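This report concerns only the one structure given below.
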Amino acid sequence: HQISSSYDLSFKILLIGDSAVGKSSLLLSFISNSAEELAPTIGVDFKIKHLTVGGKRLKLTIWDTAGQERFRTLTSSYYRGAQGIILVYDVTRRESFTNLSEVWSKEVELYSTNQDCVKVLVGNKVDKDSERAVSREEGSALAKELGCLFFECSAKTKENVESCFEELALKIMEVP
Ligand code: GDP
């Protein structure tokens, strides 16, 4: 049980994107080196990570879809109150990339009521570089189009995973 004085700010962050792009793996990779809380819920799953960024103690509540994204749609309640959204694709699966621009970003527009919500585009599985189907340049261009920060990560090697969450948190803190 968390007492309120143990952190300065609390943010709700969502992971979205096609099934099997590595959302759960990114979340586990990020929280795995600390003993953190695990909260089972109905239909969705979230994990809590405490970290200090820019001199502030943060509590991040990071929501994973628990498989519901298979139906290519999440409920509006999943999006409610989110300060940050991480849109994930698999750099080796082109369809997961096109679905971000054609499906997921539209759903975000529809359901994310928070105008100041900070978005991050993540190309995951960069460790499988020989199987790459989406270039870094294409990722970067989509991020620009959608108004997102952009990272290429690997949940497997942990490359860029921490910086992705930290940069997102920093950006949320800049929101007036
Ligand atoms: P989710 O459905 O989006 O939550 O995806 P999962 O986290 O369940 O990952 C789907 C599959 O991709 C699993 O077999 C993971 O082990 C694998 N995977 C996830 N991230 C990476 C990564 O960065 N590199 C590699 N090589 N495999 C990954």
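None of the figures in this text is laboratory data; all of them are computed from the coordinates on show. Keep in mind it's a predicted model, so treat the numbers as computed, not measured. Cβ sites come from the backbone with ideal geometry, for glycine too, and all protein chains shown count toward neighbours.
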Would you please name the residue that is nearest to the ligand (Cβ to nearest atom), looking only at residues in the stretch 105-140 that are β-branched (V, I, T) and more than 13 Å from the chain's Cα centre (by Cα)? V126
Scan the stretch 136-159 residue by residue and report those that are within 19 Å of A20 (Cα to Cα) and either surrounded by 15 or more Cβ atoms within 10 Å (Cβ to Cβ) or free of Cβ contacts under 8 Å to residues at least 24 places away in the same chain (or both). G139, F151, E152, C153, S154, A155, K156, K158, E159
Taking the condition of being in a loop (DSSP other than H, G, I, E, B) and among the acidic types (D, E), how many residues in the stretch 153-175 meet it? 1
Specify which of the listed residues (A133, A169) is touching a residue at least 12 places away in the same chain (Cβ under 8 Å) and touching a strand residue (DSSP E or B) at 6+ places or on another chain (Cβ under 8 Å). A169
